[in-house]
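Just so it is clear, none of the values below were taken in a lab; they were calculated from the coordinates. Quantities reported herein were computed from a predicted structural model and do not represent experimental measurements. Ideal geometry is used to build each Cβ from the backbone, glycine not excepted, and the neighbour counts take in all protein chains shown.
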Amino acid sequence: MIKDPKSPRRRPRLEIGWREWVGLPDLGIENIKAKIDTGARTSALHAYRILRVRKGSKHYVRFLVHPVQRRKTPEVECLAPLVDQRTVRDSGGKTEHRYVISTTLRLGEDEWPVEITLTNRDEMSFRMLLGRAGIRDHCTINPGTSYHMGRPAKVKSKAKTKARTKARNEARTEAKTGAAKKSPALRTKKEKKP
């Protein structure tokens, strides 16, 4: 088939791995680790304290997110337009009623709108699943790679770095001088005061 030279060119598809760092800029989430799940039609985001709110004639969903795996901090408060409510079947066959939001997905330098269901994924390895509908027409998956689009740069807080350095230096000083005191419960019989 010969292509019309006047037709608009499509951007080439991104090649991504089976897991990638993505951003949800409309929600204030710069980086979140997502598993690419071609077995799931819709994408899913870890959310809790989910509350449906109304502003004028429009419906929104307010919720909290822990964007970092296996951590309770940071906690990001989000507000997104409510698109739908759907019954979704998880990989274990259990059905759950979920809110569906529309937001922008950032993958590398590219951004596009996606629909995401909200569910508590606290016990799951990934805080986000990126389903087929979220990557259709945008990506090609290379299942043999991870983080094909790169990893985010680690940003260290100056206050945290100073506090860690101070604590580390104090621990070293105590260890060198032998000034570390044992608690009374840990003293042996010979060490107990008369």
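Quick look at the numbers
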quantity	calculated
Rounded to whole Hz, the Karplus (6.51, -1.76, 1.60) HN-Hα couplings of region 78-83, x for glycine and proline	10, 9, 9, x, 7, 9
Cα-based Lys pair tally, region 14-141, threshold under 28 Å, eight or more apart or on separate chains	5
Other-chain or far-sequence residues with amide H under 5 Å of C139's (modelled H)	L14
Part-to-part distance (alpha-carbon centres) for region 97-113 and region 57-81, which is given in Å	13 Å
Ranked H46, H66, criterion: other C-beta atoms within 10 Å, fewest first	H66, H46
3J(HN,Hα) from dihedral phi, region 87-95, Karplus parametrisation 6.51/-1.76/1.60, rounded to Hz, x for glycine, proline	9, 10, 9, 7, 5, x, x, 7, 9
Hz values of 3J(HN,Hα) by residue in region 46-56 - Karplus curve (6.51, -1.76, 1.60), Gly and Pro given as x	5, 8, 8, 6, 7, 9, 7, 10, 10, 10, x
Prolate/oblate/rounded label for region 8-96 (Cα gyration tensor, a/c 1.5)	rounded
Compactness of region 8-161 - radius of gyration and Dmax, Cα, Å	15.8, 50
Semi-axes of the equivalent ellipsoid for region 57-144, Cα gyration tensor, largest first, Å	20, 18, 17
Positive minus negative residues near T104 (Lys, Arg vs Asp, Glu; Cβ under 9 Å)	-1
